[in-house]
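Please read the structure below before turning to the comments.
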Amino acid sequence: MRLDDPITTIKGVGDKTSTMFARLGIYNVQDLLMYFPRTYVTYEDPVDIADLQAGNRQAVRAVVNSRAEVKKVRGLTIVVVYAKDYSGTIKLTWFNCPFLRNYFHIGQEFVFVGDVSYKNGMMTMSHPEYYIDTKYSELTNRWQPVYAVTPGITSKTIQKAVKNASSAIDSIVDYIPESIRSEYDLIEMGRAVYTIHFPVDDQQLRSAVKRMAFDEFYSFIANMHRIKEEAVYVQNEAVIDCDEDVRHFIDSLRFKLTNAQMNAVRDMLDDMRSDHVMNRLVQGDVGSGKTIVAAIGLYAAAVCGYQGVIMAPTEVLAVQHYKELSELCKTYSISLGLLTGSMTAKEKREMYSRIKNGEVQIIVGTHALIQDKVEYSHLGLVVTDEQHRFGVRQREKLAMKGGNPHTLVMSATPIPRTLAIIMYGDLDISVIDELPAGRIPIKNCVVDESYRKTAQGFIMKEVSKGHQVYIVCPMVEASEVLDDVANVTEYTDELEHAIKETYGASVSIACLHGKMKSEEKNAILSDFSEGKISILVSTTVIEVGINNPNATVMMVENAERFGLAQLHQLRGRVGRGGLQSYCIFMSGKKDRDTMQRLNVLAKSNDGFYIAGEDLKMRGPGDFFGVRQSGEVMFKMGDIYNHSDMLRAAQDVYTKYGDKICNGLSENGSNRLYVTPVL
């Protein structure tokens, strides 16, 4: 079996199944082998029902002591069974599995495995797996891969297909010579691929992931070098040199720039007046003031007769940038324009015309800015945000529209400088490592449900001062499967009721989530920024760049369901002015590991420290699920966890260049090709 053979070559995969696989982007054997598990589960020894702990995945050996109850709720078929052991009773619930109504019989003994919760005075499991004792013993203490699936394909189906494709794994030719593998302690590629699908233990899995991380980093670095070699000699056709105007602009700001911000501005201005095109990354933690650096660059471009573009990751943030830039430039003869996907066809046509004719000097927008219909008059500067999930190629597409304009990329990802130099090999780097003057450190606390009334009282105290509050929930709507996880729609109603009942007060509360239309989202955020809304209940749609200096409290519900880096990013929405701000992380789990992980945020507001601590605590099941930046560039590689492999890949490329690199892209043979997002 060859890597480029169609998926139907594999035993058990027919035309119907291959159609399902295609939904996952799997068309041939290579695609399947490179479709790695998203996590793993292990099957531990069963415990007594009395010893179950809510919030954990556990197994119990219990006897069925009720007939299956079947009911319909909101279109779902729910099957409920009760089982017991000598220590207690557990409620077991399955969704849309009507066939189970006749499967369980009173007196039968099973091992049930699933996520445990405590509801209405009883331990429960939602959608548990079930095994007879002899079958369960075969699984005990073995790692099982869990794949992302689509309707018609189960994780077990993918696992079976990979096993049946093992002959292709056995024949994989490693493009890296044994001498280099030995020097950098890399296992063979075929062994790495098999182990990632079927690991025996933690140590083996780490070695396999390390090898694949190396390949992804090596391919990435090789491509970055090619791009940089092509770009390094680009002549600067948009010389932006207006120090006196920029100095006046900075002096007119209502705040003083930090030394780090000034250094970044100098780097940018030096680049834009030099004989080569600028390609610069401005890196800084949440709230460090990167946007004003970009604004100064856009102002300088406009003053010198060029157009400047800033591309935001969301429409909400684009509107916010537009308003802030309009305010900064209102005393100058600079015209600004906004271009987003939700604008009407007529509005877009008018903006296209104004951009093409040079009537607009600073253009703010989303990916609408790189549509084919957009033609720029004299594009001099492009500002993009790393959180936009825009890679090198997409940045190039925008840059090429203007005939090699300067490029400024903003990043809030806390990458150590040595790694950033490798990761952003096509960019020069400026680091903003100071917070703006007057920023008061955020006070943090990690609490459980017992603190809820106290938290609500604290929120009301802040609201009574005229301040505003964010409350973040993981879900948009209620879920039968995750009925203990907060959702914005029900939470908003319940909070309004609780405040009115407890405090007799009427507080303006609104909810916000990604399923809303852009116009509705923008209206809500506009009202919030203008102080018309006191409490905004939202999903993570507010994660990137929303700026409201009057917001002093952030409360995150079910904080355990978020990565530390994302929680740190969310926390950055408060503490953006001169007011003392607070962040409350409300955990639905009370176990030691969860509270220890979340307490990292209580100890520090430093993104670098948080990223490092997050890595130390990750278990094997978190290998692939947590990413530190908004842009998931690699399937396996993590620039923090595998920083040694990133450096090793850089070292190998420096020594050998393209001599071994070509093996990465040889399609049609039994060499795996590894292609990260560029």
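The values are calculated or read from the model by the stated rules, or taken from the named source; none is laboratory data. Note that the coordinates shown come from a computational prediction; the quantities given were computed from them, not determined experimentally. For neighbour counting, all protein chains shown are included, and Cβ atoms are generated from backbone atoms with ideal geometry for every residue, glycine included. SASA here: full protein model, heavy atoms, side chains in, ligands and nucleic acids out. Shrake-Rupley method; radii C 1.70, N 1.55, O 1.52, S 1.80 Å.
In the range 1-18, what residues are open to solvent by 30 Å² or more (accessible area, probe 1.4 Å), touching a residue at least 12 places away in the same chain (Cβ under 8 Å) and not basic (K, R)?
Result: M1, D4, D5, P6, T9, G12, T17.
Got a number for residues in the range 36-53 being part of a helix (DSSP H, G or I) and surrounded by 15 or more Cβ atoms within 10 Å (Cβ to Cβ)? Reasoning before the result, please.
Residues of the range 36-53 that are part of a helix (DSSP H, G or I), as a first pass: 49-51.
Retained after the next criterion (residues that are surrounded by 15 or more Cβ atoms within 10 Å (Cβ to Cβ)): 49.
So the answer is 1.
Please work out which residue is nearest to I196 (Cα to Cα), limiting yourself to the range 54-70 and to residues that are in a loop (DSSP other than H, G, I, E, B) and of a type in the set (A, V, I, L, M, F, W, C). I'd like the intermediate steps shown before the answer.
In the first step, residues of the range 54-70 are kept if they are in a loop (DSSP other than H, G, I, E, B); the result is 54-56, 65-68.
Still in the running and of a type in the set (A, V, I, L, M, F, W, C): 54, 68.
Details: A54: 30, A68: 39 Å.
Among those that are in a loop (DSSP other than H, G, I, E, B) and of a type in the set (A, V, I, L, M, F, W, C), it is A54.
Every residue, every condition in (1) open to solvent by 50 Å² or more (accessible area, probe 1.4 Å); (2) modelled with pLDDT under 85, yes or no:
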residue: T454; (1), (2): yes, no
residue: K461; (1), (2): yes, no
residue: S464; (1), (2): yes, no
residue: I471; (1), (2): no, no
residue: E477; (1), (2): yes, yes
residue: L482; (1), (2): yes, yes
residue: A486; (1), (2): no, yes
residue: E490; (1), (2): yes, yes
residue: H497; (1), (2): yes, yes
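Do you know which of the residues in the range 359-378 that are at pLDDT 90 or above and over 31 Å from the mean Cα position of the chain (by Cα) is surrounded by the fewest Cβ atoms within 10 Å (Cβ to Cβ)?
Pass one, the range 359-378, residues at pLDDT 90 or above: 359-364.
Those still in the list that are over 31 Å from the mean Cα position of the chain (by Cα) too: 359-361.
Values: E359: 12, V360: 24, Q361: 25.
If we take residues in the range 359-378 being at pLDDT 90 or above and over 31 Å from the mean Cα position of the chain (by Cα), then E359 is surrounded by the fewest Cβ atoms within 10 Å (Cβ to Cβ).
Within the bounds of the range 275-287, is there any residue that is touching a residue at least 12 places away in the same chain (Cβ under 8 Å), in contact with a strand residue (DSSP E or B) (Cβ under 6 Å, 6 or more places away or on another chain) and polar (S, T, N, Q)?
yes
Among the residues of the range 557-570, write down those that are farther than 14 Å from N599 by Cα and in contact with a helix residue (DSSP H, G or I) (Cβ under 8 Å, 6 or more places away or on another chain).
Within the range 557-570, E557, Q566, L570 meet the criteria.
Considering each of N599, N558, N605 in turn, give the residue that is at pLDDT 85 or above and open to solvent by 30 Å² or more (accessible area, probe 1.4 Å). It would help to see each step written out before you state the result.
On the way: N558 fails: open to solvent by 30 Å² or more (accessible area, probe 1.4 Å); N605 fails: at pLDDT 85 or above.
Of N599, N558, N605, the one residue that is at pLDDT 85 or above and open to solvent by 30 Å² or more (accessible area, probe 1.4 Å) is N599.
Before we move on, is N164 modelled with pLDDT of 90 or more and either under 16 Å from E44 (Cα atoms) or open to solvent by 30 Å² or more (accessible area, probe 1.4 Å) (or both)?
Numbers: modelled with pLDDT of 90 or more: yes; either under 16 Å from E44 (Cα atoms) or open to solvent by 30 Å² or more (accessible area, probe 1.4 Å) (or both): yes.
Yes; evaluated as a whole, the condition is true for this residue.
Are there any pairs with C-beta distances below 8 angstrom linking a residue in the range 188-208 that is within 14 Å of Q30 (Cα to Cα) to a residue that is aromatic (F, W, Y) and open to solvent by 10 Å² or more (accessible area, probe 1.4 Å), with the two at least 6 apart or on different chains, and if so which?
From the range 188-208, the pairs are M189/Y175; H197/F36.
Residues are listed down the side, and each one gets a yes or a no for (1) closer than 27 Å to N141 by Cβ; (2) loosely packed, with under 15 Cβ neighbours inside 10 Å; (3) small (G, A, S):
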site: A59; (1), (2), (3): yes, no, yes
site: G75; (1), (2), (3): no, yes, yes
site: I78; (1), (2), (3): no, no, no
site: V81; (1), (2), (3): yes, no, no
site: S87; (1), (2), (3): yes, yes, yes
site: L92; (1), (2), (3): yes, no, no
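Checking the structure you have, find out if any residue of the range 65-74 is touching a strand residue (DSSP E or B) at 6+ places or on another chain (Cβ under 9 Å), at pLDDT 90 or above and β-branched (V, I, T).
No, the range 65-74 contains no residue that is touching a strand residue (DSSP E or B) at 6+ places or on another chain (Cβ under 9 Å), at pLDDT 90 or above and β-branched (V, I, T).
What residue, among those in the range 71-91 that are in contact (Cβ under 8 Å) with a residue 40 or more places away in the chain and assigned to a strand (DSSP E or B), is farthest from Y130 (Cα to Cα)? Show your work before the answer.
Taking the range 71-91 and keeping what is in contact (Cβ under 8 Å) with a residue 40 or more places away in the chain, we get 73-74, 76, 78, 88-90.
Going one step further and asking which of them are assigned to a strand (DSSP E or B), we end up with 73, 76, 78, 88-90.
Values: V73: 23, L76: 21, I78: 16, G88: 18, T89: 16, I90: 14 Å.
Filtering first and then ranking leaves V73.
Restricting attention to the range 281-324, report how many residues are farther than 17 Å from G365 by Cα, at pLDDT below 90 and not hydrophobic (A, V, I, L, M, F, W, C).
The qualifying residues number 7.
Across the range 116-132, what is the total count of residues that are closer than 30 Å to V200 by Cβ and open to solvent by 70 Å² or more (accessible area, probe 1.4 Å)?
Total satisfying the criteria: 2.
Take the conditions closer than 27 Å to L269 by Cα, open to solvent by 10 Å² or more (accessible area, probe 1.4 Å) and modelled with pLDDT of 90 or more and apply them to Y352. Does it pass? Let's see the steps before the verdict.
Details: closer than 27 Å to L269 by Cα: no; open to solvent by 10 Å² or more (accessible area, probe 1.4 Å): yes; modelled with pLDDT of 90 or more: yes.
The answer is no for Y352.
For the range 303-324, name all the residues that are in a loop (DSSP other than H, G, I, E, B) and in contact with a Leu (Cβ under 7 Å, 6 or more places away or on another chain).
First, pick out the residues of the range 303-324 that are in a loop (DSSP other than H, G, I, E, B): 304-306, 312-314.
Within the range 303-324, Y306 is the sole residue that qualifies.
I'd like to verify a number: residues in the range 517-539 that are surrounded by 17 or more Cβ atoms within 10 Å (Cβ to Cβ), modelled with pLDDT of 80 or more and of a type outside the set (F, W, Y), how many?
Number satisfying all stated conditions: 11.
In the set Y147, Y175, which member is open to solvent by less than 30 Å² (accessible area, probe 1.4 Å), in contact with a Gly (Cβ under 9 Å, 6 or more places away or on another chain) and within 29 Å of L24 (Cβ to Cβ)? Talk me through it step by step, then tell me what you get.
Working: Y147 fails: in contact with a Gly (Cβ under 9 Å, 6 or more places away or on another chain).
After applying the criteria, what remains is Y175.
Can you tell me which residue is most open to solvent (accessible area, probe 1.4 Å) among those in the range 622-638 that are under 15 Å from S219 (Cβ atoms) and modelled with pLDDT of 70 or more? Reasoning before the result, please.
Here is the first cut: in the range 622-638, the residues under 15 Å from S219 (Cβ atoms) are 633-637.
After this cut, where a residue has to be modelled with pLDDT of 70 or more as well, the list is 634-637.
Working: F634: 13, K635: 110, M636: 4, G637: 3 Å².
In this case the residue turns out to be K635.
Open to solvent by less than 40 Å² (accessible area, probe 1.4 Å), in contact with a helix residue (DSSP H, G or I) (Cβ under 6 Å, 6 or more places away or on another chain) and in a helix (DSSP H, G or I): which single residue out of I292, I240, I221 fits that description? Steps first, answer last, please.
Values: I292 fails: in contact with a helix residue (DSSP H, G or I) (Cβ under 6 Å, 6 or more places away or on another chain); I240 fails: in a helix (DSSP H, G or I).
The match here is I221.
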